[in-house]
Structure formats: structure tokens, C-alpha cells
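Read the structure below first, then the notes.
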Amino acid sequence: MTELDVLLIGEAEFVERMNDRYGPFATQRLTIDSPAEVLPAIQHERPNVVVLPFLTHVEQRIGQHLRQSNSSRSIYCIAVDVCDAPTYLGSPHLDPSMSALQWVERATVALEKGGDAYLLMQHQSPEAIAAETRLLMAYLRVARQQVSRYRELTKANDFLSTIALADPLTELGNRRALEWELPRQAQKAKFHQTALSLIILDVDYFKLVNDAHGHLVGDRILKLLAGRLNNQIRSRDAVFRYGGEEFVVLLRKTELRTAEIIAARLRLAIGEQPFTINRELRLPITVSLGVAHFREEDDGQGKSLLYRADQHLLTAKSQGRNQVVSDRTSEEELLDRL
């Protein structure tokens, strides 16, 4: 059964009264001095359930703020009215003989303001307290079910997201994953003025492998190549299958010189050792690589960075394949021509 983290929060007298009346139902009790402290405290603690005074819930728009926050929208919010006690957090004294219509009106306001449940502490009789306690426990059971469903949905969404962003053959991030991650890293590099480099590589003459040995062998080559790439990169870097036999390596906090060294190491790791398909078949494979580093004038989406690396890849292939071409080598070649 799902365990509930229940936060009871309010002025000390409110918290004590709730605990005395209904028993230790809360896993956390937090006293505050001002209603303005409630929302930050909830967002910091991030309980499954929050129990708080009705007027604080309404005036501070607690429920509405929680619903607008991705990290807090699953919190079950119970607003409590107190009729038989003095003021709590600025809530005016309520008539213990509150009519059914008044109860419905206040319960409606609690829900309209983003709450999930409304509890009225109205009479001191044992029967009334027992009935209120049953209602509170019923709310907590509903909250437990809600939390369980939310956790299941979160797991399902995480699983579906993983599938959507993973290449099923190589188990690397796919093109969609790159299109999500590259803008994030480009914006970080631009804002924080940190280094960012990118390598794009392509398997040389891969069509000949498929034509000569079939697509199953070609798929095996790609899977083995993905493994070699993963073994050569650092923990902070990421490899993506960009499409077909093309792969992209995103190098965070990496200057161009270091990116060139990594690209050269990848080329050797792939080209120096043939790929063993089975006992009878071992195939030599080489790759061509283009390397680019993030420049001040590059766009915040990383498109110009990727485009420049791709142009270097085309240059590497046109110059004979099985080599690395980078921003620096291209710049040096241009200077040589001047």
C-alpha cells in the first residue's frame, strides 16, 4: 500500500487542535507564524497531502499555486474550517450553528480555489468528532488512491518517454533525443559562456556492407559500433544515432582541441580493430568525422553548430574518408590558400 506523507501546517494552536481532535494522522506537523510562509513550506517539503486552515488556503491561493506547479500539482489539499475556536491565521470566528447551505458554500469555495477536500470542525460532541474523523480518514484514502495513480502514470510516462527518445537497435538516444538535448546545451553554453563541441560521424561505404552481407549484418555493425563509441566517451558526454549510419557525439564543456583528440580516438577505436560478426566473418570498418565547437555567433538552438560539423563531415568524406575534419583544420586550410 502506498505510504502517505501528510503535512499538517498552520499556526501552532491550529496544529495542536487538529492533532488533539483527530489523533496523529499527519506524518509531519509544521507551525508557522504567517500565512505567507505556507506555500514556500509546502513546496519545500513536497508532501503527498497538505492539511491547512481554510482561509489560508483561499487567501494565499495555495491550491491554485500547487496546480500550476509541475512539481507540486499532485499534492492533495484539504482545507479545514474551525467553528468552535478563536481566530486561526486571521480566520474570523465561525458560528458553530453554521447551516448546511453555508457549509456547501464554503466547501465549494475551497474546491474552486484549487483544493481537493473541505473539513469543518464544528461541534465538540463525541459523535461529531467521530463523524469528522471518519470524513478525514476517507479523504486520506482518496488521497492514497490518487497518489498511487499518479505514481503509476509517472512510471508509464517515463517509460514511454524513454521509448520515444531511444533508438531500438543501438539503445542510444535517437534523433528526437538530440533535437531535445542540443538546444538545452547550446543555450547553456551561450548563457554561461562555457565550451561545447559536437562530433558527427558516418560509417564509410556502409551501403557496400549491406549489399554484400545483408541488412542483418549491417545492423550488427551499427550495434557493435555504438558499443565502441560508448566505451570511448566520458560520462558527461552523450552519443546519439542521428539516422542510418550517422552518429552524433555531444561534448559538454569541451574545447575544440580536446574534441579533436576525442574524435581521433573514436576513429582509431573503430578503424583499428575489425568487427567480429561471427566465427567466419570479421569486417574492417572505418568512419569519417566532422568536429565543430560552439561559437559566440552560433544560434541558441545548436543548429549552426550541427550544420558546421556536418559540413566538415562532407569534407572528410570528399577527401578520402577515414579522417577527422574540424573547425580548426578548415580554418587552417583556408589560411593556407590566402
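The values are calculated or read from the model by the stated rules, or taken from the named source; none is laboratory data. Predicted model, so just to flag it, every value in this text is computed and none were measured. Cβ coordinates were reconstructed from backbone atoms using ideal geometry, including for glycine residues, and neighbour counts include every protein chain displayed. Keep in mind that these areas ignore ligands, DNA and RNA; they rest on the heavy atoms of the full protein, side chains included. Shrake-Rupley method; radii C 1.70, N 1.55, O 1.52, S 1.80 Å.
What whole-number distance in Å separates the alpha-carbon centres of segment 194-258 and segment 7-50?
Comparing the Cα centres of segment 194-258 and segment 7-50, I get a distance of 53 Å.
Would segment 122-214 count as rounded, prolate or oblate if I go by the C-alpha gyration tensor, calling it rounded below 1.5 in a/c and otherwise prolate when a/b exceeds b/c, oblate otherwise? Each step should come with its number before you reach the end.
Working: a/c = 10.08, a/b = 2.53, b/c = 3.98.
Cα axes put segment 122-214 in the oblate bin.
So who's got an amide H within less than 5 Å of the one on Ala238, skipping anything under 5 residues away but keeping other chains? H placed 1.01 Å off N, in plane.
Close amide H contacts, sequence-distant or interchain: Leu250, Arg252.
Pop out the carbon and sulfur fraction of the accessible area of the chain as a percent, whole number, probe 1.4 Å. If you can, show how the numbers build up before the last one.
Values: 9320 of 17870 Å².
Carbon plus sulfur share of accessible area: 52 percent.
Using per-residue counts of other Cβ atoms within 10 Å, averaged over each peptide, order 38-48, 169-179 from highest down. Provide the component values of the computation, followed by the final result.
On the way: 38-48: 16.5, 169-179: 18.2.
Those peptides, ordered most packed to least, come out 169-179, 38-48.
Counting DSSP beta bridges with both partners in segment 169-283, what percentage is antiparallel, nearest 5?
Values: 14 of 15 bridges.
DSSP beta bridges in segment 169-283 are roughly 95 percent antiparallel.
Taking amide hydrogens as modeled 1.01 Å from N in the peptide plane, which residues meet the under 5 Å criterion relative to Phe275, leaving out close sequence neighbours?
So Phe275 has HN proximity to Leu283, Ile285.
Just one of (1) 20.9; (2) 24.8; (3) 30.8 is Kirkwood radius over Cα pairs in Å calculated from these coordinates, so which is it?
(2)
Can you compute the modelled spin-label distance between Ser235 and Glu16, with each label point 7 Å from Cα toward Cβ, in nm?
Rounded to a tenth, the inter-label distance reads 5.0 nm.
With the chain treated as a Gaussian network of Cα nodes joined by springs under 10 Å, which of Leu201, Leu281, Leu266 yields the largest mean-square fluctuation?
Evaluated over the chain, the most mobile residue of the options is Leu281.
Which ³J(HN,Hα) values, rounded to whole Hz and listed in residue order, are derived for segment 7-19 from phi using the Karplus coefficients 6.51, -1.76 and 1.60 in 6.51 cos²θ - 1.76 cosθ + 1.60 with θ = phi - 60°, glycine and proline given as x?
Coupling constants for segment 7-19: 9, 9, 9, x, 4, 3, 5, 5, 4, 5, 5, 4, 5 Hz.
Run the numbers for Val104 and His192: contour at 0.36 nm per residue of separation, minus the present Cα-Cα distance, in nm. Display every interim value, and only then the final one.
Values: separation 88, 0.36 × 88 = 31.68 nm, distance 5.35 nm.
Using 0.36 nm per residue and subtracting the Cα-Cα distance, I get 26.3 nm.
For a test of understanding, tell me how many lysine pairs in the chain have Cα atoms under 15 Å apart, given they are 8 or more places apart or on different chains. Numbers along the way, then the final one.
Working: Lys188/Lys253; Lys188/Lys303; Lys190/Lys253; Lys190/Lys303; Lys207/Lys317.
So the count of such lysine pairs works out to 5.
With θ set to phi - 60°, apply the Karplus curve 6.51 cos²θ - 1.76 cosθ + 1.60 along segment 292-306 and write out the HN-Hα couplings as whole Hz, x wherever there is a Gly or Pro.
For segment 292-306, the Karplus curve yields 9, 10, 6, 10, 4, 7, 5, 6, x, 9, x, 5, 5, 5, 5 Hz.
Please report the antiparallel percentage of DSSP beta bridges with both residues in the chain, rounded to the nearest 5.
Antiparallel bridges: around 50 percent, rounded to the nearest 5.
If I model a spin label at Ala212 and Ser318 as a point 7 Å from the Cα along the Cα→Cβ vector, what separation in nanometres do I get?
Label-label distance for Ala212 and Ser318, simple model: 2.7 nm.
Please get the size of the charge dipole for the chain, origin at its Cα centre, with Cβ charges of +1 on Lys and Arg and -1 on Asp and Glu, quoted in debye to the nearest 20.
Details: 41 positive and 45 negative charges, 247 e Å.
The calculation lands at about 1180 debye.
Pick from Asp167, Asp211, Asp327: which is most flexible by mean-square fluctuation in a GNM of the chain where alpha carbon atoms under 10 Å apart are linked?
Asp211
Applying a 10 Å radius around every beta-carbon, put 237-244, 128-135, 8-15 in order of their mean neighbour count, most first.
Taking the mean over residues of other Cβ atoms within 10 Å, the ranking is 8-15, 237-244, 128-135.
Give the long-range amide H neighbours of Leu120: residues separated by 5 or more places, or on another chain, with amide H under 5 Å away, using H modelled in the peptide plane at 1.01 Å from N.
Asp81
What's the ranking of 118-124, 77-83 by average number of surrounding C-beta atoms within 10 Å, highest first? Don't jump to the answer; show the numbers that get you there.
Values: 118-124: 19.0, 77-83: 23.7.
Top of the packing list down: 77-83, 118-124.
Find the accessible area per residue for the chain; the probe is 1.4 Å, ligands and nucleic acids are left out, and the unit is Å².
On the way: 17870 Å² over 338 residues.
About 53 Å² of surface per residue is accessible.
For segment 219-224, just list the computed ³J(HN,Hα) in residue order, Karplus coefficients 6.51, -1.76 and 1.60, θ = phi - 60°, integers in Hz, with x standing in for Gly and Pro.
Taking θ as phi minus 60°, the curve returns 5, 5, 4, 5, 5, 5 Hz for segment 219-224.
Could you point to the residue in Gln311, Ser235, Ser288 farthest towards the positive end of segment 196-338's charge dipole, with +1 and -1 charges on the Cβ of Lys/Arg and Asp/Glu respectively?
The one lying farthest along the dipole's positive direction is Ser235.
For helix 175-192, report the angle its Cα long axis makes with the longest principal axis of the Cα atoms of the chain; keep it between 0 and 90° and round to the nearest 10°.
Approximately 80 degrees, to the nearest ten.
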